[in-house]
Amino acid sequence: MISEKLINTICKNLEEELPVSEKITEGGELHIDKLLPYICVYRYKEKDINFSGLLKTQASYLVVKDTVDITNLLECISKTISKQLNAFLIIEMWPLRQDHDAEFEIFCPEAKAPATIAAFKEGFDELRVIYPEISATVSDTHSRHPEHLDPLIEIDESKESGALIIGLGIPTIYERPEENQLFSIFYRKFSSRFSEIVKRAVYEFIRVQTSNPFNHYLMLGKTNLDRITLQADQELAEISERMSFLLRTTPVNATQEWERFKENKFKEKPAFNYRLIALDPEQEKRKLYQLPIDKVDDPTLSFILRDKRLEIEKQLTMLEERGTDNFRFIGESLYGTIKPEVLEGAAAILKKFPNPDDRSDMNRFDCHEFAKYAQEEIDYYQEKFPKLELGLEIRKDVAGIMVSKTKLLISDKLSMDASRCDALVQHEVATHILTYCNGKRQPLQQMYAGFSGYDKLQEGLAVLAEYLVNGLTINRLRLLAGRVEAANSLVNGASFIDTFDMLHNTYNFTEYTSYYITMRIYRGGGLIKDAVYLAGLLNIMDYIKDGGNIETLYTGKFNTNHVNLIEELLHRNIIQKPVLPRFLERNIAKKRLQKLKDGIHLTELLN
């Protein structure tokens, strides 16, 4: 029996639009993330963790022992929410385990909420993509509960409380209990799709039946992050930062080996040395798989965290295999194969621009002149992010220009084409630093530490910034194309010397640029990561041409395949909208962005 005092407390919180998370008699759980006109209910004799997990993907659920009387609780919740939103939907779910049957059963009232019922049936039918034997039946009936249990609320009483009741019998196709088997990978897919089906169906109910405060079904998802999610997110970020993957796979003697390479007339392969690995990859992997990601109920957040964990695991294995062919093979599984359209794009660039653009007679900026210009941009964003410390440093231990979190690091030996100054500032400050700062405003640390494969979108977006401010050059595009050709050369079995010769003699890169590109591709045993820069640029061009919103891309550090997830988290108010780069307000940027929307070829970026 649930006490009247607890019921009153719950309903008072709902009246005040406060979240509810309560333990109910005999191990039950009630969770209502925000004021929502629905609840999913599961009554069990013996608690089924996996079936409970399906309900816990929702922002409003009640999981309770079937001996507990929850009628008064549901009536109170229904009346309270109906008073504010005009209607309330109760979805009772129960598992079906009849001889591996794959039929979903929908029990509903006749001629009530047809759009909702249709959304459920269509959603279940679409699950055939992952399980072809699935079917769904609809029964118009007053009996919308498991056969061995009484109704949650009698139909007449449910009408008085403003509630509509729908029953769902869910086939547990993700398990074979008689063999003690759970098909975990399939279960995660099923759970994610099932969660979306419920939200879409509920949204149809809300759209038609309630005073609708939601303009998208994704807004029905959870808003508040629980302790387990935040813990897993934090520890994942800490493991990733400790690893320092790129630092540990970059040669410490690249400059010395360049000098030796020149001395031997480019005929002897360089011998690169690397930093000692000051961690035990096996211990770090153990920590990775002790993270409670399997207890994260939200399928979207669970996917993000699992995806990042897999990336870190592969990087740790690569550190173990540094200097061997296995390093390259694992890297290919991490960064993906080089797609034909990327190879075609690289070839088109090098065909249209077969020679580098000689900029030696251009006006030059030293480190101090560049820093003065960059500081103005940094000062602008510092006002937007007063809780963060943005800045720049001129240093002796940096080659060129790079970003570390909120700091712009500039080599004290910098000498650069002055006409490239603005483009590089927008690349480094208004992309890399800005997305880090936007990520820092979010509750998930992965938003600034970086989702799996975030470099692809980051570097593509940074190059796009150069184009939008009319600062993209032939040499910049050629460099991206050269990296792709070098990576493809590695994959096809060419040696360091062969790839260097190809870049220098076939594509007319300077000796040093050819060495630098080849060094980056062959480091550690072979790292094709540099090919993703051009791939990222192509992906963003396609995204914008297809109607994508460029503003979403500045929310944090993630990859193009995560954009839909980011949009979902924005709809759910888990993350905030980003501060945008101010260069987007320039007329030239607006005109060039429109060109991208209309669709242009990669080689037309220099027009």
Item to complete: Taking a cut-off of 14 Å between Cα atoms, list the aspartates and glutamates near Lys267, but don't count ones fewer than 8 places away on the same chain.
Response: Glu257, Glu259, Asp498, Asp501, Glu511
Item to complete: Return the sequence-ordered ³J(HN,Hα) values of the range 131-143 in whole Hz as given by the Karplus equation 6.51 cos²θ - 1.76 cosθ + 1.60 applied to θ = phi - 60°, using x for Gly and Pro.
Response: 8, x, 7, 5, 9, 9, 10, 10, 10, 7, 7, 7, 8
Response to the item:
Calculated from DSSP helices alone, with each H run of at least 4 adding -39500 (n - 2.57) and the total divided by the residues of the chain, [θ]222 nm to the nearest 500 comes to -14500 deg cm²/dmol
Worksheet item: Where does each of 31-37, 535-541 land if you order them by average Cβ count within 10 Å, highest first?
Response: 535-541, 31-37
Worksheet item: How far is it, in nm, from the label point at Asn253 to the one at Tyr380 when both lie 7 Å from their Cα along the line to the Cβ?
Response: 4.5 nm
Worksheet item: Going by how many other beta carbons lie within 10 Å of each one, how would you line up Tyr335, Tyr380, fewest first?
Response: Tyr380, Tyr335
Worksheet entry | Magnitude of the charge dipole, the range 308-456, Cβ model with Lys/Arg +1 and Asp/Glu -1, debye to 20 | 440 debye
Discussion item. Quick check for me: using +1 on Lys/Arg Cβ and -1 on Asp/Glu Cβ, what's the dipole size of the chain about its Cα centre, in debye to the nearest 20?
Written reply: 1940 debye
Worksheet item: With θ set to phi - 60° and the Karplus curve 6.51 cos²θ - 1.76 cosθ + 1.60, what are the ³J(HN,Hα) couplings of the range 317-327 in order, to the nearest whole Hz, using x for Gly and Pro?
Response: 5, 5, 4, 5, 9, 4, x, 10, 5, 4, 4
Worksheet item: Of Thr406, Thr552, Ser514, which is farthest on the positive side of the dipole of the chain, counting Cα position, with +1 on Lys and Arg Cβ, -1 on Asp and Glu Cβ, and the Cα centre as origin?
Response: Ser514
Worksheet entry | Alpha carbon centroid spacing (whole Å) that separates the range 156-198 from the range 404-438 | 50 Å
Discussion item. Can you list residues from other chains, or at least 5 along the same chain, whose modelled amide H is less than 5 Å from the amide H of Val398?
Written reply: Asp412
Worksheet item: Sorting Trp94, Trp258 on the 10 Å Cβ count, fewest up front, what's the list?
Response: Trp258, Trp94
Fill in: Filter on Lys295/Lys440; Lys5/Lys577; Lys295/Lys456; Lys65/Lys222; Lys34/Lys159 - keep pairs with C-alpha separation over 31 Å
Lys5/Lys577
Worksheet item: Tell me, what ³J(HN,Hα) does each residue in the range 515-525 have, in order and in whole Hz, if you take phi through Karplus 6.51 cos²θ - 1.76 cosθ + 1.60 with θ = phi - 60° and put x for Gly and Pro?
Response: 5, 5, 4, 5, 4, 5, 6, 9, 4, x, x
Worksheet, complete the sentence: Spelling it out for Ser135: with amide H atoms placed in the peptide plane at 1.01 Å from N, the residues 5 or more places away or on another chain with amide H under 5 Å from its amide H are Glu103, Phe104
Worksheet item: Cα axis of helix 114-126 to longest principal axis of the chain: angle in degrees, 0 to 90, nearest 10?
Response: 50 degrees
Worksheet item: For the range 4-219, what is the convex hull volume of the alpha-carbon atoms per residue, in Å³?
Response: 117 Å³
Worksheet item: So which lysines pass the test for Lys262, namely a Cα distance under 29 Å, with those fewer than 8 places away in the same chain ruled out?
Response: Lys351, Lys396, Lys413, Lys529
Worksheet entry | Built amide H within the under 5 Å cut-off of Gly28, gap 5+ | Lys65
Worksheet item: Fewest to most neighbouring Cβ within 10 Å: what's the order for Phe261, Phe214?
Response: Phe214, Phe261
Fill in: Extended-chain gain in nm, criterion 0.36 nm per residue less alpha-carbon gap, Arg128 and Asn508
131.5 nm
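A short reminder: the numbers here are calculations on the coordinates, not readings from a lab. What you are looking at is a predicted structure, and each value in this text was computed from that prediction instead of being measured. Here Cβ is always computed from backbone atoms with ideal geometry, including for glycine, and neighbour counts include all displayed protein chains.
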